[in-house]
1. Calculate the tail of P(r) for the stretch 113-190: the fraction of all Cα-Cα distances greater than 22 Å, expressed in %.
2. Add -39500 (n - 2.57) for each DSSP H run of 4 or more in the chain, then divide by its residues: what number comes out at 222 nm, to the nearest 500 deg cm²/dmol?
3. Which whole-number percentage describes the relative contact order of the chain, with Cα contacts under 8 Å and a sequence gap of 6 or more?
4. Over the Cα atoms of the stretch 68-109, what radius of gyration and what Dmax do you get, in Å?
5. For 73, 18, which order do you get if you count the other beta carbons within 10 Å of each Cβ and list the fewest first?
6. On a full-extension model of 0.36 nm per residue, what is the gain between residue 213 and residue 189, subtracting their alpha-carbon distance, rounded to one decimal in nm?
7. Please give the contour-minus-distance gain from residue 162 to residue 59: 0.36 nm per residue of separation, less the Cα-Cα distance, rounded to one decimal in nm.
8. Given R₀ = 30 Å, FRET efficiency for residue 29-residue 155 by Cβ-Cβ distance, to 0.05?
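Here, each number is a calculation from the coordinates, and none is a lab measurement. Nothing here was measured: the structure is a model prediction, and the numbers come from that model. Virtual Cβ from ideal backbone geometry, glycine too; neighbours counted across all protein chains shown.
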């Protein structure tokens, strides 16, 4: 039986990921990745993103007018990074007249692992907190979300894990996975820094045509100048 999420996916998809500590872009044709780039960086996405996208499009042998869809990670993650990627993706989609769909960073991390186990995607949110989302075992390349994405203290996160995965048999994946690993000796630890570009392509192709919007789960760490000293 076919999964309706993967029936007749868009053929030529560009994906952009700037939410975490990397700048990534990839292009698919016929469902497979034909060109991709990923460069670790904590800042500087704005300067690198446009040249990187030109490179992957050239390597794929495609023109921008050939694209059927653009997918972009929308968070949670770096406020600056996700805004850079989202603004670029939406502007390009508007110019090309094609859909721009959002990809959750936690969902993309979970989709990057093919071990078939239940999964907890974790990103370090700073100040003793994590972004957390839980997923069931993999089914036809798309995981089923058991919880929504959320931000919480470490003790609350461990309580959530105990509630959903009481046997402790699951995979911890993501750049914040090590923050929770000590409480779960039976869990498999995969401290992946960024999602796989192949996972981003799959999720972008399966996403409904709903305009991408940022996923903010906490207030920014930076304080506006007008509020300093108040």
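1. Working: 364 of 3003 pairs.
Counting every Cα pair in the stretch 113-190, those more than 22 Å apart make up 12 percent.
2. Details: 6 runs with 66 residues, N = 230.
The helix-only estimate for the chain comes to -8500 deg cm²/dmol at 222 nm.
3. Numbers: 491 pairs, mean separation 50.5, N = 230.
Rounded, it is 22 percent for the chain.
4. Rg and Dmax of the stretch 68-109, Cα atoms, are 10.3, 29 Å.
5. On the way: 73 34, 18 30.
In increasing order of surrounding Cβ atoms, one gets 18, 73.
6. Details: separation 24, 0.36 × 24 = 8.64 nm, distance 3.02 nm.
Between residue 213 and residue 189, full extension yields an extra 5.6 nm.
7. Working: separation 103, 0.36 × 103 = 37.08 nm, distance 4.58 nm.
Between residue 162 and residue 59, full extension yields 32.5 nm more.
8. Working: r = 46 Å, r/R0 = 1.54.
It comes to 0.05.
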